[in-house]
Amino acid sequence: LCILHLDLSNNRITNDGAAALGRALGAGDGTKRSRVETLDLSNNQGIEDRGAKVLAGALEHGAIGSLLLRSCHVQADG
């Protein structure tokens, strides 16, 4: 599965939702991995450091090409 742009901004997504999305994208055996070129989660005030860290793992493993987290509550730890 490859999605070019997934815009989930302004959807009241929380840390749990962000973490579930990050785990779902990062899951796979290396041959069947989902990929989102651009994932926009801006303006989801419930996303904080914990959710951002899971998304960063998916970004690091190439499941997300570009991640937008504008106006979320992500601090330096995230």
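The values are calculated or read from the model by the stated rules, or taken from the named source; none is laboratory data. Small disclaimer: the values here were computed from a predicted structure and weren't measured. Cβ: placed from backbone, ideal geometry, glycine included. Neighbour counts: every protein chain shown. For accessibility, only protein heavy atoms count, side chains too; no ligands or nucleic acids. Shrake-Rupley method; radii C 1.70, N 1.55, O 1.52, S 1.80 Å.
Could you check region 25-47 and list, in sequence order, the residues that are at pLDDT 90 or above and open to solvent by 20 Å² or more (accessible area, probe 1.4 Å)? Matches in region 25-47: E37, T38, N43, Q45, G46. Test R50 against the stated conditions and say whether it is basic (K, R), modelled with pLDDT of 90 or more and touching a helix residue (DSSP H, G or I) at 6+ places or on another chain (Cβ under 7 Å). Yes; evaluated as a whole, the condition is true for this residue.
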